[in-house]
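Enquirer: Can you read through this structure? Questions will come right after.
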Amino acid sequence: MTKQEFLKELEKRLRHMPREDREDALRYYSEYIDDMNLPPEADVSARLGTPKEVAKNIINSCTKKHMDGKGLKEKGKSLWLIILSLFVSPLALPLALAIAAAIVVAVIVIILAVFAVAALVVAGPFLLIFGVIKSIGWLISGIFSIIGAIIIATLVIKVIGWIAKKIAGIF
């Protein structure tokens with residue numbers, strides 16, 4: 001496989017890599033083959049391996065390079081987050097406690113509201129029944145009061161009439 005065939009096949013195998021990484025790899029292998037001082041029709045794959053094997057090594061190296069770079073960036077971000085948290089903690093702790101207290105109060109209010117509704121549902125019929133009984137009691141009490149007033153009024157009238165007859169009998 002000539003240099004041009006090798007590089008063309010290698011480029012085809014690296015087509016899913018980022019463009020910059022692919023171009024770097026192809027440039028590197030082109031220069032590397034040139035430095036080997038092979039005749040123009042020499043079999044490059046006999047010295048380097050098949051384009052498939054070379055592409056596999058390039059992809060592994062590129063993946064490792066990107067992962068190592070990402071890990072370093074993540075460590076830097078973590079360090080900044082730690083530093084930032086040290087400066088923000090005097091504000092964050094009271095704020096977190098206030099939010100936690102608000103959540104606890106909200107939960108308690110909801111629980112009490114549920115109990116209040118349950119109490120109305122359970123006690124409602126009893127209150128209605130006792131209210132009706134109490135109203136009937138007041139009605140009966142009123143009726144007895146009226147009857148008592150009529151009896152007393154009748155007795156008073158009879159007593160006044162009897163007293164009046166006695167006084168008239170004297171004169």
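Values quoted throughout were computed directly from the atomic coordinates according to the rules given, and no laboratory measurement underlies them. These figures come from a predicted structure and were not determined experimentally. Ideal geometry is used to build each Cβ from the backbone, glycine not excepted, and the neighbour counts take in all protein chains shown.
Enquirer: In whole Hz, with x marking every Gly and Pro, tabulate ³J(HN,Hα) for the range 100-117 from phi via Karplus 6.51 cos²θ - 1.76 cosθ + 1.60, θ = phi - 60°.
Expert: For the range 100-117, the Karplus curve yields 4, 5, 5, 5, 4, 5, 4, 5, 5, 4, 5, 4, 5, 5, 5, 5, 5, 5 Hz.
Enquirer: Right, here's the next one. Do any of Lys3/Lys65; Lys134/Lys158; Lys3/Lys56 go past 25 Å between their Cα atoms, and which? Don't skip to the end; give the middle numbers.
Expert: Working: Lys3/Lys65 27 Å; Lys134/Lys158 36 Å; Lys3/Lys56 18 Å.
Table pairs above 25 Å Cα-Cα are Lys3/Lys65; Lys134/Lys158.
Enquirer: DSSP loop (so not H, G, I, E, B), at most 13 other Cβ within 10 Å: list which trypsin sites (Lys or Arg not before Pro) in the range 1-31 pass both filters.
Expert: Details: sites: Lys3, Lys8, Lys12, Arg13, Arg15, Arg19, Arg22, Arg27; in loops: Arg15.
Qualifying residues, ordered by number: Arg15.
Enquirer: Arrange the following residues from fewest to most other Cβ atoms within 10 Å of their Cβ: Glu11, Glu20. If you can, show how the numbers build up before the last one.
Expert: Details: Glu11 17, Glu20 8.
In increasing order of surrounding Cβ atoms, one gets Glu20, Glu11.
Enquirer: Now, a different point. May I ask you to derive the FRET efficiency for Lys158 and Ser135 from their Cβ-Cβ distance with R0 = 41 Å, giving the value to the nearest 0.05? Provide the component values of the computation, followed by the final result.
Expert: On the way: r = 35 Å, r/R0 = 0.85.
Result of the calculation: an efficiency of 0.75.
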